[in-house]
Amino acid sequence: MNPPDPSQTNGVPPEHAPVSNPRRRRLLTRGVGTTPLLVTLVSRPVLGQVCTTPSGFVSLPTSVPGAPQTCLGRTPGYWKQDQSFGNWVAPYYPTTVSGQHNATLFKQWFSPSPYGDATFLDVLNLEAGPPNNVARHVVATVLNIARGWLSALTVPQVQGIWQQYMATGGGTIGYYEPTAGVQWYQDSIVAYLLSTMPL
């Protein structure tokens, strides 16, 4: 490639020479007087989202104790749909099938239970509000663990979140301590559990 002829650019270095192409000039001048727009795409790994344990979540974003886990969890809204029933994994069942299995009761897995004989599916369908929001999300979290879509938590850890939340008052006053001195009330518990449910 030959260097540009200085006579063609009036002695101005080529990188500072005026745009000679009318089409390029139109494109460049359209943005004059407007704020440049930078489009940033939030990048999520194709195969899931990186999440962490509750204690690791407390210390984000400055540090993450332990190795982050990949999460592919689904929300309560996903798990309560008929078309999702095929993704429920034993020993959890959305409905009773005569001669095969009974629908999973919330009280079989979570204590104390304010829901009597409500099934996991019944709890997933509860109206918003305390303690229902936490109940719906712990059920979805257990189903995500069983399906292999969540490795940052175990079922006993999720049971511990519910048990402590209810033991400290449940409802709007109950809390869970992911680490000493840190109290998560309903909204924080749900926010953490949702962080494991990117899909």
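Being surrounded by 13 or more Cβ atoms within 10 Å (Cβ to Cβ), among the hydroxyl-bearing types (Ser, Thr, Tyr) and more than 23 Å from TYR78 (Cβ to Cβ) holds for only one residue in THR154, THR179, and it is THR179. Restricting the search to helices (runs of 4 or more DSSP H) fully inside segment 67-139 and requiring at least 2 residues that are more than 15 Å from MET166 (Cα to Cα) gives 76-79, 120-124.
Results for (1) in contact with a Pro (Cβ under 6 Å, 6 or more places away or on another chain); (2) without any contact (Cβ under 8 Å) to a residue 24 or more places away in the chain; (3) of a type in the set (A, V, I, L, M), shown as yes or no for each residue.
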| residue | (1), (2), (3) |
| --- | --- |
| GLN83 | no, yes, no |
| ASN87 | no, no, no |
| GLN100 | no, yes, no |
| PHE110 | no, no, no |
| ARG136 | yes, no, no |
| TRP149 | no, no, no |
| PRO156 | no, yes, no |
| ILE161 | no, no, yes |
| ILE173 | no, yes, yes |
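Quick check, is ALA152 at pLDDT below 95 and either part of a helix (DSSP H, G or I) or under 17 Å from the mean Cα position of the chain (by Cα) (or both)? Here the answer is yes, as ALA152 does meet what is asked.
Within segment 132-144, the set of residues being buried (at least 20 other Cβ atoms within 10 Å of the Cβ) and farther than 12 Å from PHE110 by Cβ comprises ALA140, LEU143, ASN144.
Identify, from the list ALA103, ALA191, the residue that is in contact with a strand residue (DSSP E or B) (Cβ under 6 Å, 6 or more places away or on another chain), surrounded by fewer than 18 Cβ atoms within 10 Å (Cβ to Cβ) and not polar (S, T, N, Q). Walk me through how you get there before you give the answer.
On the way: ALA191 fails: in contact with a strand residue (DSSP E or B) (Cβ under 6 Å, 6 or more places away or on another chain).
When all the criteria are applied, what remains is ALA103.
The values are calculated or read from the model by the stated rules, or taken from the named source; none is laboratory data. All values derive from a computational prediction rather than experimental measurement. With ideal geometry, Cβ positions are generated from the backbone for all residues, glycine too; neighbour counts draw on all protein chains shown.
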